[in-house]
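Input: a single structure, listed below in structure tokens.
The values are calculated or read from the model by the stated rules, or taken from the named source; none is laboratory data. Note that the structure is predicted; figures quoted are calculated from it, not measured. Positions of Cβ are backbone-derived with ideal geometry, glycine not excepted, and every protein chain shown enters the neighbour counts. Keep in mind that these areas ignore ligands, DNA and RNA; they rest on the heavy atoms of the full protein, side chains included. Shrake-Rupley method; radii C 1.70, N 1.55, O 1.52, S 1.80 Å.
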Amino acid sequence: MKILVINAGSSSLKYQLMDPDSGEVFAKGQCERIGLDGKLTHRVPGKDNYAEEIAMPTHSEAIEAVLKILVDPQLGVISSTDEIDAVGHRVLHGGMEFTESCIIDDACIAAIERCIPLGPLHNPANLMGIRACQNVMPDKPQVAVFDTAFHMTMPPKAYMYALPYEYYEKDSVRRYGFHGTSHRYVTARAIEMMGKDPKELKIINCHLGNGSSLSAVVDGKCQDTSMGLSPLAGVPMGTRSGDIDPCVVQYLCNRYELSVDEMLNILNKKSGMAGMSGVSSDFRDLEEAAAAGNERAALALDKFAYEVRKYIGAYAAALGGLDVLVFTAGVGENSGQMRERICNGLEFLGVKLCPYRNKKRGEEAVISTDDSKVTVLLIPTNEELMIAKDTQALVQG
Ligand code: AMP
């Protein structure tokens, strides 16, 4: 089977054509500057990257450009779009409507629309991607895979905020959590790598990238996660503040005559590692700057490791123990230095990182010592494969 995986943003669209059984990626790329001028970048494994400027007034032209290059005699990987069996879409917010992936029909689209107030930036863009595919490929089955779905197994004590109950009942204000497709993928891989009954495994997943979140999992099901109603909550991130005292918003709004929206923009785009360090949101830049003596870069890295470690401690307490600690995503997969900083101080939980194994990058590995009570795993995430597999399963009924 060949599945086209689409991740649509407001002015960009990433795609991958892949085999959900083998995980083979035939081609991938992205359309950028949709609605402005339009640029397509296309990659086929083993061949040179290709980039072209193409007018893309809307997402429909972007999808048309993707299909055109996929069947191009020189640059393409299929002879006809008939070879594409189905399309899988990443959708950010499924609210309380979706506990799992679903075939896209009118009812599904209406439900994604109802979730727009919860995901005001992403859901409209995801819908543009879905509608563009419906326009351009009306006969292809399509599937929506939600970032929130994996976390819907959380118990009420984890997902409720201590606010007046009516905000939950009337307005659906609660913890949802994000990166769910990644957390689900690494959970499944961790269970397989451990070769044990999932019921026996208390797992903490650390998805650490530009955006970061942790999840606490038992029996393969999410019990708690660090992001909340929105992806702004939890540990500090590239440009996002993570958890802060809500009074900071009131204090700074009053002091600088900012609207709540302006303050939220600061919390989302100018805070986190970039805001603290004044250097960059990128962990490679920060590690380099810290090594060269930049104190604020060092402080930002220290703060990040400290907050991640605190969440691990909290989740180990919430789960009543810990068997497996998983690191994934850009930072989690590649920065041995950051993994070491985080695990330093977790010896009391039975975490013993092996300095030699921790040198690994970007490949599945056990990185704890043989006598570590907690098995520490490095698992490269693969959200696209998870989306392709869900799409295949739903399309095959
Ligand atoms: P992601 O959002 O999962 O793509 O992760 C992006 C983040 O991973 C960026 O901050 C990168 O700096 C970081 N990253 C990627 N490779 C490395 C590396 N070798 N060392 C440290 N950070 C890395």
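The modelled label-to-label distance for the pair Thr99/Asn210, using points 7 Å beyond Cα in the direction of Cβ, is 3.4 nm. Cross-link partners of Lys199 among lysines, defined as those whose alpha carbon lies under 19 angstrom from its own and excluding same-chain residues fewer than eight positions apart: Lys221, Lys373. Between Ala188 and Cys247, the simple spin-label model (points 7 angstrom out along Cα→Cβ) gives 4.6 nm. Lys310: which aspartates and glutamates have alpha carbons under 15 Å from its alpha carbon, excluding same-chain residues fewer than 8 sequence positions away? Cross-link targets: Asp224, Asp243, Asp302, Glu340, Glu347. Restricting the calculation to alpha carbons of region 13-158 gives Rg and Dmax of 16.4, 56 angstrom.
Taking a ≥ b ≥ c as the square roots of the Cα gyration tensor eigenvalues, with a/c under 1.5 meaning rounded and otherwise prolate when a/b beats b/c, else oblate, which class fits region 263-323? The shape class here is oblate.
In sequence order, region 259-275 has phi-based couplings of 7, 4, 4, 5, 5, 4, 4, 5, 5, 7, 10, 10, 10, x, 5, 5, x Hz under the Karplus curve 6.51 cos²θ - 1.76 cosθ + 1.60, θ = phi - 60°, and Gly or Pro positions carry x. Solvent-accessible area per residue in region 291-372 equals 49 Å², computed with a 1.4 angstrom probe and all protein chains kept.
Using a cutoff of 8 angstrom between alpha carbon atoms and counting only pairs six or more residues apart, the relative contact order for the chain works out to 14 percent. Region 314-397: percent of C-alpha pairs farther apart than 15 Å? In whole percent, the long-distance tail amounts to 61.
Note that the chain shows a convex hull volume over its alpha carbon atoms of 162 Å³ per residue. At what distance in nm do the modelled label points of Asn254 and Asp139 sit from each other, each positioned 7 Å from its Cα along Cα→Cβ? Computed distance between label sites Asn254 and Asp139 equals 6.5 nm.
Across Cys222, Cys354, the residue with the most accessible area heads the list, and the full order at a 1.4 Å probe is Cys354, Cys222.
Ranked by the mean number of other Cβ atoms within 10 Å per residue, highest first, peptides 308-318, 145-155 order as 145-155, 308-318.
Candidate cross-link partners of Lys140 among the lysines, defined by an alpha-carbon separation under 30 Å and a same-chain spacing of 8 or more, comprise Lys2, Lys14, Lys28, Lys39, Lys47, Lys68, Lys389. Within the full protein context, the accessible area of Val248 is estimated at about 60 Å² for a probe radius of 1.4 Å.
Within the accessible area of region 72-113, the carbon and sulfur atoms contribute 45%, probe 1.4 Å, all protein chains present. The slack in the chain from Asp85 to Glu347, taken as 0.36 nm per residue of separation less the alpha-carbon distance, amounts to 89.4 nm. For the pair Arg33 and Arg357, the difference between a 0.36 nm per residue extended length and the Cα-Cα distance amounts to 112.5 nm. Counting only protein heavy atoms and using a 1.4 Å probe, the accessible area of Glu52 comes to about 70 Å².
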